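Novice: If you scroll down you'll find the structure; I have some questions about it.
Read-outs throughout are calculated quantities, based only on the coordinates presented, and are distinct from any laboratory measurement. Just so we're clear, the structure is a prediction, and the values are computed from it rather than from any experiment.
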Amino acid sequence: MQNGMVTTALELPGLRITRNFGVVRGITVRSRSVVGNVLGGIQSLFGGNISIYTDLCEQAREETYQLMCRHAQGLGANAIIGMRYDATELMAGLTEVLCYGTAVLVEPLPAEHLAA
């Protein structure tokens, strides 16, 4: 699925929704490693961006995003609207990351609708 076909909005400009497949999601549970915690602790002493945790968060979001897109494609969707991320700490050092949205089938609007 193309990134341009996934949006946090409830519609895609120039396209109309012809079918709604319902909620799709991608989920992962991540933990920090002992080495990551040590390096993160050292970085936090100096302030600023804690890059080891930023990288971990970005990897988790990318993984859940890809899982959500595969879920939607498996249903026959070609777009996802209302996409959101959520994260929950299950216990110290263990975090669930969820990406979800509504899988839809879209098609281009007829030319007369685009001029209006």
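Novice: Work out from phi, with θ = phi - 60° and the Karplus expression 6.51 cos²θ - 1.76 cosθ + 1.60, the ³J(HN,Hα) of each residue of region 10-17, listed in order in whole Hz, and give x for Gly and Pro.
Specialist: The phi angles translate into 9, 7, 10, x, x, 10, 10, 7 Hz.
Novice: Normalise the Debye intensity by I(0) for region 63-102, one equal point scatterer per Cα, no solvent, then take log10 at q = 0.29 Å⁻¹ and round to two decimals.
Specialist: The computed values of log10 I(q)/I(0) come out as -0.94.
Novice: Further question on the same structure: Check which residues have an amide H placed less than 5 Å from Val6's amide H, if you skip close sequence neighbours.
Specialist: Answer set, sorted by chain and number: Ile80.
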